[in-house]
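Rule-based calculations on the coordinates, nothing more; no lab input. The structure displayed is predicted, hence computed values, not measured ones. Neighbour counts run over all protein chains shown; Cβ positions are idealised from the backbone, glycine included.
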Amino acid sequence: MTAFAFRDGRMFAEGVDVPALADEIGTPFYCYSTSALTANYRNFAGAFPADALIAYSVKANGNLAVLRTLAKLGAGADVVSGGELKKALAAGIPAEKIVFSGVGKTRAELALGLQAGIHQFNVESEAELETLSEIAAGMGAIAPVAIRVNPDIDARTHAKISTGIAETKFGIPWTRAREGYARAAALPGLKIVGVDMHIGSQITELEPFGQALARMSELIAMLRSDGHQVARADAGGGLGVNYGNRMPGLKIADYANLVAQFARDQNVSLILEPGRLIAASAGILVARVIHVKDGENRRFAILDAGMNDFLRPALYGAHHEIVCVAPREDAPMESYEVVGPVCETSDSFGAHLLPRLRAGDLVAILMTGAYGAAMASAYNARPPAAEVVVHGKRWSIVRPKMSDDEHLRLDRIPDWLA
Ligand code: LLP
């Protein structure tokens, strides 16, 4: 996280003094670094053959400023809803670089993708094939299709983000993929362009990828022998990052070599869908201590950011390092359970050793650029944290925090209750 470094005892985001920024705009807020996003994207993209499509997974962080930053670097997008498709297009990502994944695309969303002329639909069921065919034929369009195949491989990651085993809702079982492709070839309005997989997220070992790609290789051979054109392979996303609790054990170069070798062997062009790896280390969540309080057997630091702002610890038991943004030099280290103000025991960011805290102190929760703001909610009528992007010494609020009054006005009272 070199974009967030300490100078004279204060945290800087690139050239921006974080405590000063917090005083100016208030807390909590996410802060994203342009240089970190850029470096993460370039490190990843640079590891693959030049013709590979790097389709950034918008779900990790769909802020328009983040998407625009990546668009300028040449990124494509992996989207899973009409909303994400519109955001990717609005940020300047060309339709020819957009792939559309997801188990439950509606008719309206499929039509939107067809109208935009996207690069590829990653189709996840036989039913979706039929629907897409019907809509495309009705529009006089041809939908470029890859079938997302469920290879039944255990990615050995958190159960809630493991998507490649047979029990999950994702993709068409690989045992049925051949029939799926035969069906696709027989339907009007569809053009088979390739194969697709995505076996999970925060994967920290190479083997599951290797196993899944071996299955994909078998499948490609079978499909070609059936007479299908398989020009592309989408290997999905899923590369884990180092959240500080365990070493990732996975290097981009090793993963890229594995995938590039597969692409050469199979003579396919590659699509990759990284999300977390691009965005996670590019963001922090800055919050202020509201109170410090002693429980029966532990000391709580209560922040003005809660599980509504940042859900990963509550939902997955995820560990994220927390640091003081402007620690006092003489402060002794103490143990805290760092929590939010939300009325749930799960609203906790875990146990942390921190310089002694007082009300008003600023902390930063690290590695929160991916699946942070993207998963925020207004639970407890708490509008989610603002989002800021820094670029050198410049900063800009790229999503303001809604005021309580603005949030209040989202609801309507029906006339019979007026
Ligand atoms: N492609 C598809 C089809 C996906 O479903 C996902 C993530 C990705 C790509 C990007 O995966 P990544 O490179 O970011 O691992 N909220 C969870 C993560 C859920 C991931 C869902 N799919 C978390 O905070 O850990």
Would you calculate, for the chain, the mean residue ellipticity at 222 nm contributed by helices, counting each DSSP H stretch of 4 or more residues as -39,500 (n - 2.57) and dividing by all residues, to the nearest 500? -8500 deg cm²/dmol
Burial ordering of D152, D8, fewest other beta-carbon atoms within 10 Å first: D8, D152
Connecting C-alpha atoms closer than 10 Å in a GNM of the chain, tell me which of G283, G244, G295 has the biggest fluctuation. G295
Relative to the Cα centre, what is the charge dipole magnitude of the stretch 34-278, using +1 at the beta carbon of each Lys and Arg, -1 at the beta carbon of each Asp and Glu, and rounding to the nearest 20 debye? 660
Going by how many other beta carbons lie within 10 Å of each one, how would you line up D23, D361, fewest first? D23, D361
In debye to the nearest 20, how big a dipole does the chain give about its Cα centre with +1 on each Lys and Arg Cβ and -1 on each Asp and Glu Cβ? 660
First select every other residue whose beta carbon is under 10 angstrom from the beta carbon of F29; then total the charges, Lys and Arg +1, Asp and Glu -1. 0
Quick one: helix 126-139 against the long Cα principal axis of the chain, what's the angle to the nearest 10°, folded into 0 to 90? 80
Label-to-label distance, nm, for residues given as E179 and R298 (7 Å Cα→Cβ offset): 5.0
If F262, F300 are placed from fewest to most neighbouring beta carbons inside 10 Å, the sequence is F300, F262
Only bridges with both residues in the stretch 34-278 count here: give the DSSP antiparallel percent, nearest 5. 5
What does the convex hull of the Cα atoms of the stretch 34-278 come to per residue, in Å³, rounded to a whole number? 109
For the stretch 1-131, what is the percent of antiparallel DSSP beta bridges, rounded to the nearest 5? 45
Two-site FRET efficiency, D330 against R394, from Cβ-Cβ distance with R₀ of 22 Å, rounded to 0.05: 0.05
Charge dipole of the chain built from unit charges on the beta carbon (Lys, Arg +1; Asp, Glu -1), centred at mean Cα; most positive-end Cα among A214, T163, C343 is A214
Checking rank on 136-147, 342-353, with mean other Cβ inside 10 Å and highest first, the result is 136-147, 342-353
By per-residue mean of other Cβ atoms within 10 Å, what is the highest-first order of 307-316, 175-184, 403-412, 202-211? 307-316, 202-211, 175-184, 403-412
Quick one: of the DSSP bridges fully inside the chain, what percent are antiparallel, nearest 5? 50
For the chain, just the Cα set please: Rg and Dmax, both in angstrom. 22.9, 73
Could you pull the Rg and Dmax for the stretch 197-297, using just the Cα atoms, both in Å? 19.5, 70
Subset of K105/K401; K251/K401; K160/K393; K87/K191 violating a 28 Å alpha-carbon distance limit: K105/K401; K251/K401; K160/K393
Global form of the stretch 338-418, assessed from the alpha-carbon gyration tensor, a/c cut-off 1.5: oblate
